Amino acid sequence: MAAFASRPAQPSRTDTHLGCGMEQFHHPRPVRIRDGALLRPAPQRELLLRGLTGRIAELGAGDGVKLTCYPAQVQEITLVEEDPFLREIARAAAADLPIAARILAGTPVKIPVPDGTFDAVVCSLILCSAPHPQAVLTEACRILRPGGQLRFYEHVRSSSPALALVEAVLTPLWSRAAGGCHPDRDTLSAIQQAGFTLQRVHRFTFDHVSHVLGTAHRA
């Protein structure tokens, strides 16, 4: 597995009224950062989406600002969100975008589209809090075309045995206080068990918490 090589994201002049945004409400990582008077994708979001083309589904709408970060080569973006309030916020963010965007009512384990619909599925900070992450990954596999990509950016169990033990002890309490988040999940193993082949993986820490960002392919 090769690591991502980092490079600066390109500043964007579009949709500055939307602000920096956040990946998910239960994990308020910034979607965009300020570069003087401009906004550009945060490094993690830029790496997550770099090189995507075709039809893309992202699970979880957040506040919709993530829609402004997709490459111009993307043909269509579909956000899947079960909360009606968040769907309306995302629709407002999508209103003036140059890329076609649709916001679907659905859950990460029941997405109302046919098999093999998308070229890529994006999971951003949802697998740690999903009640059944394996079911989410199985559904992602279903809606991907053969050879399609899973792009993931997730909060995961630490690679340090000592820290991993601490996370396991704290998880029952933490999950109640943090929107169901389970910091002790081994997400990379779950992705492989769902039938994906890992291609690129980048491990890093954010606010001293372990994360993983990468690409996997459906067989």
Looking only at segment 82-118, and only at residues there that are of a type in the set (Gly, Ala, Ser) and not in a loop (DSSP other than H, G, I, E, B), the one that is nearest to Arg142 (Cα to Cα):
Ala105
Subset of segment 166-219, residues among the charged types (D, E, K, R), touching a helix residue (DSSP H, G or I) at 6+ places or on another chain (Cβ under 6 Å) and farther than 21 Å from His27 by Cβ, comes to Arg218
Could you tell me which numbered condition Thr78 fails, if it satisfies all but one of (1) crowded, with 23+ Cβ neighbours inside 10 Å; (2) under 22 Å from Thr117 (Cβ atoms); (3) of a type in the set (Val, Ile, Thr)?
(1)
Looking at Arg176, Arg157 in this structure, which one is buried (at least 20 other Cβ atoms within 10 Å of the Cβ) and over 25 Å from Ala57 (Cα atoms)?
Arg157
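Suppose we keep only residues that are under 24 Å from Arg218 (Cβ atoms) and surrounded by 15 or more Cβ atoms within 10 Å (Cβ to Cβ) within segment 83-102. Which one would you say is modelled with the highest pLDDT?
Within segment 83-102, the subset under 24 Å from Arg218 (Cβ atoms) is 99-102.
Going one step further and asking which of them are surrounded by 15 or more Cβ atoms within 10 Å (Cβ to Cβ), we end up with 99, 101.
Numbers: Ile99: 86, Ala101: 93.
Filtering segment 83-102 for residues that are under 24 Å from Arg218 (Cβ atoms) and surrounded by 15 or more Cβ atoms within 10 Å (Cβ to Cβ), the one modelled with the highest pLDDT comes out as Ala101.
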For Leu125, only one of the following conditions fails: (1) crowded, with 19+ Cβ neighbours inside 10 Å; (2) of a type in the set (A, V, I, L, M); (3) at negative phi. What is its number?
(3)
Just one of the numbered conditions (1) within 28 Å of Asp184 (Cβ to Cβ); (2) within 13 Å of the chain's Cα centre (by Cα) is not true of Val65; which one?
(1)
Within segment 20-57, restricting to residues that are under 24 Å from Ser175 (Cα atoms) and of a type in the set (A, V, I, L, M, F, W, C), the one that is surrounded by the fewest Cβ atoms within 10 Å (Cβ to Cβ) is Phe25
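So which residues in segment 58-75 are of a type in the set (A, V, I, L, M) and either surrounded by 15 or more Cβ atoms within 10 Å (Cβ to Cβ) or in contact with an Asp or Glu (Cβ under 8 Å, 6 or more places away or on another chain) (or both), if there are any at all?
Leu59, Ala61, Val65, Leu67, Val74
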Do you know which of the residues in segment 182-194 that are touching a strand residue (DSSP E or B) at 6+ places or on another chain (Cβ under 7 Å) and either surrounded by fewer than 17 Cβ atoms within 10 Å (Cβ to Cβ) or among the hydrophobic types (A, V, I, L, M, F, W, C) (or both) is nearest to Gln44 (Cα to Cα)?
Leu188
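Considering only segment 132-161, state which residues are assigned to a strand (DSSP E or B) and of a type outside the set (Asp, Glu).
Correct list: Leu144, Arg145, Pro146, Gly147, Gly148, Gln149, Leu150, Arg151, Phe152, Tyr153, His155.
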Quick one: Gly148 ticks every box in (1) in contact with a Gly (Cβ under 7 Å, 6 or more places away or on another chain); (2) farther than 17 Å from Met22 by Cα except a single one, so which number is it?
(1)
Residues of segment 197-210 satisfying the condition of being surrounded by 15 or more Cβ atoms within 10 Å (Cβ to Cβ) and within 12 Å of Phe152 (Cα to Cα)
Leu198, Arg200, Val201, His202
For segment 187-219 the number of residues that are closer than 13 Å to Arg151 by Cα, aliphatic (A, V, I, L, M) and either out of contact with any Leu (no Cβ under 7 Å at 6 or more places or on another chain) or in contact (Cβ under 8 Å) with a residue 60 or more places away in the chain (or both) is 5
Are there any pairs with C-beta distances below 6 angstrom linking a residue in segment 48-61 that is farther than 9 Å from Thr78 by Cα to a residue that is of a type in the set (Lys, Arg) and at pLDDT 95 or above, with the two at least 6 apart or on different chains, and if so which?
Leu48/Arg151
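The values are calculated or read from the model by the stated rules, or taken from the named source; none is laboratory data. Since the model is a prediction, treat every value here as computed from it, not as a measurement. Glycine also receives a Cβ, built like all others from the backbone with ideal geometry; neighbour counts cover every protein chain displayed.
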